[in-house]
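Participant: Before we start, here is the structure in question, set down as structure tokens.
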Amino acid sequence: MSEASLGGQFTFPGTSLTVQRIGYGAMQLAGPGVWGPPKDPDGAVAVLREAVAAGVNHIDTSDYYGPHVTNKIIRQALHPYATGVVIVTKLGARRPPDKSWQPAISPQDLTAGVHDNLRNLGLDALDIVNYRVMGAGHGPEEGSIAEQVTVLADLRRKGLIRSIGLSNVTAAQVAEAQAITDIVCVQNNYNLTHRDDDALIDDLSRQGIAYVPFFPLGGFSPLQSSTLAFVASRLGATPMQIALAWLLHRSPSILLIPGTSSVAHLRENLGAGQLTLSPQTLTELDGIAATIAVKQ
């Protein structure tokens, strides 16, 4: 893969961290339900090594995946890390034995989480740490995050974190965090059919801040659309490649972190960076969200 075929490059604002716009999300390296070890540990290592060999240098993870599983696999597969590899992790949750997802947002929780990530990844400092807001529902919910962002800003001053991002947040929470410290990226749920963050993406792009969609392919309910399938067939690509290519075209500040535990699927995802979508095709794809909204 050439740099151009991975969607081009992006430099996180105020940093020297430059990544290819197609990265890799490690969540699926854990077992079913993001719990426990994978069924094929060797396969998980192979996927990570294949990604980096193909030019991927942006890896998204968290120590609560597993818990601790994906970070240990990343360390096994890639440590010592090649120059230029940027590992982005997140804090804000814990996984008790009942396999649920619970908030972990006290200063003690966040500090312990940083040290867990450092230890399991084998790092002295974390490139980027996202504070992940755990709401009662599936999407962002308003509420102050000042205490948590202040804790991360303090850990940054101590040299344990280099840069700070946010996940599952509203525009108001982004502004609140920016009044405390520099924010280099926002990671929210966004894809071809889930377009709630359109205005936020445009605002962040104007500021040069990365927007990283999680569930870029629909997550646990994969994207399905007759228009998407038709466009894919016409262009000789898969529907998922078209969905990823649309995101790359949506904004130059969008970075992709599709996840997979399959080398073949990884290669398919990376192939999205080689697709060029015409203005007419983009308009066609933009209509999918409107169609779904009407059906709902």
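The values are calculated or read from the model by the stated rules, or taken from the named source; none is laboratory data. All values reported here derive from a predicted model rather than from experimental measurement. Every residue, glycine among them, receives a Cβ derived from its backbone with ideal geometry; neighbour counts consider all protein chains shown.
Participant: Among Ser262, Ser253, which is the only one that is closer than 19 Å to Phe220 by Cα, touching a residue at least 24 places away in the same chain (Cβ under 8 Å) and among the small types (Gly, Ala, Ser)?
Facilitator: Ser262
Participant: Looking at segment 158-216 only, could you name the residues that are on the phi < 0 side of the Ramachandran plot and among the aromatic types (Phe, Trp, Tyr)?
Facilitator: Within segment 158-216, Tyr190, Tyr211, Phe214 qualify.
Participant: For segment 36-67, enumerate the residues that are in contact with a strand residue (DSSP E or B) (Cβ under 7 Å, 6 or more places away or on another chain) and aromatic (Phe, Trp, Tyr).
Facilitator: Selection gives Tyr64 alone.
Participant: While we're looking at this one, here's another question. Kindly provide the set of residues from segment 168-197 that are over 30 Å from Leu277 (Cα atoms) and in contact with a Phe, Trp or Tyr (Cβ under 9 Å, 6 or more places away or on another chain), ordered by number.
Facilitator: Once the filter is applied, which keeps residues that are over 30 Å from Leu277 (Cα atoms) and in contact with a Phe, Trp or Tyr (Cβ under 9 Å, 6 or more places away or on another chain), segment 168-197 yields only Ala177.
Participant: Are there any pairs with C-beta distances below 8 angstrom linking a residue in segment 111-124 that is buried (at least 21 other Cβ atoms within 10 Å of the Cβ) to a residue that is in a helix (DSSP H, G or I) and at pLDDT 95 or above, with the two at least 6 apart or on different chains, and if so which?
Facilitator: The qualifying pairs are Val114/Leu155; Asn117/Asn71; Asn120/Asn71; Asn120/Lys72; Asn120/Arg75; Leu121/Asn71; Leu121/Ile74; Leu121/Arg75.
Participant: Something else now. Look through Ala104, Ala44, Ala26, Ala30 and report the one residue that is surrounded by fewer than 22 Cβ atoms within 10 Å (Cβ to Cβ) and either over 20 Å from Pro216 (Cα atoms) or of a type in the set (A, V, I, L, M) (or both).
Facilitator: Checking each option against the conditions leaves just Ala104.
Participant: Follow-up. Listed residues Ile22, Ile73, Ile87; which is closer than 28 Å to Ser144 by Cα, touching a helix residue (DSSP H, G or I) at 6+ places or on another chain (Cβ under 8 Å) and not basic (Lys, Arg)?
Facilitator: One residue alone meets the criteria, Ile87.
Participant: Surrounded by 15 or more Cβ atoms within 10 Å (Cβ to Cβ) and either among the acidic types (Asp, Glu) or within 17 Å of the chain's Cα centre (by Cα) (or both): does that describe Tyr81?
Facilitator: So Tyr81 does not fit the description; no.
Participant: In segment 281-289, is there at least one residue being without any contact (Cβ under 8 Å) to a residue 24 or more places away in the chain and out of contact with any His (no Cβ under 7 Å at 6 or more places or on another chain)?
Facilitator: Yes, some residue in segment 281-289 is without any contact (Cβ under 8 Å) to a residue 24 or more places away in the chain and out of contact with any His (no Cβ under 7 Å at 6 or more places or on another chain).
Participant: Just one of (1) at pLDDT below 95; (2) in a helix (DSSP H, G or I); (3) of a type outside the set (Val, Ile, Thr); (4) in contact with a strand residue (DSSP E or B) (Cβ under 6 Å, 6 or more places away or on another chain) trips up Gly287, so point out which.
Facilitator: (4)
Participant: If a residue counts only when it is within 25 Å of Gln148 (Cα to Cα) and at pLDDT 95 or above, which helices (runs of 4 or more DSSP H) contained entirely in segment 176-281 have at least 3 such residues?
Facilitator: 198-207
Participant: Residues to consider are Ser62, Ser5, Ser16; find the one that is in a loop (DSSP other than H, G, I, E, B), at negative phi and surrounded by fewer than 21 Cβ atoms within 10 Å (Cβ to Cβ).
Facilitator: Ser16
Participant: Return the residues of segment 30-58 that are in contact with a Leu (Cβ under 8 Å, 6 or more places away or on another chain) and either in a loop (DSSP other than H, G, I, E, B) or in contact (Cβ under 8 Å) with a residue 40 or more places away in the chain (or both); say none if nothing qualifies.
Facilitator: Pro38, Ala44, Val47, Glu50, Ala51, Ala54, Gly55, Val56, His58, listed by residue number.
Participant: Please verify whether Thr70 is hydroxyl-bearing (Ser, Thr, Tyr) and either loosely packed, with under 15 Cβ neighbours inside 10 Å or touching a strand residue (DSSP E or B) at 6+ places or on another chain (Cβ under 7 Å) (or both), treating the condition exactly as stated.
Facilitator: So Thr70 does not fit the description; no.
Participant: Can you go through Val169, Val114 and tell me which one is within 21 Å of Ile257 (Cβ to Cβ), modelled with pLDDT of 95 or more, in contact with a strand residue (DSSP E or B) (Cβ under 8 Å, 6 or more places away or on another chain) and in a loop (DSSP other than H, G, I, E, B)?
Facilitator: Val169
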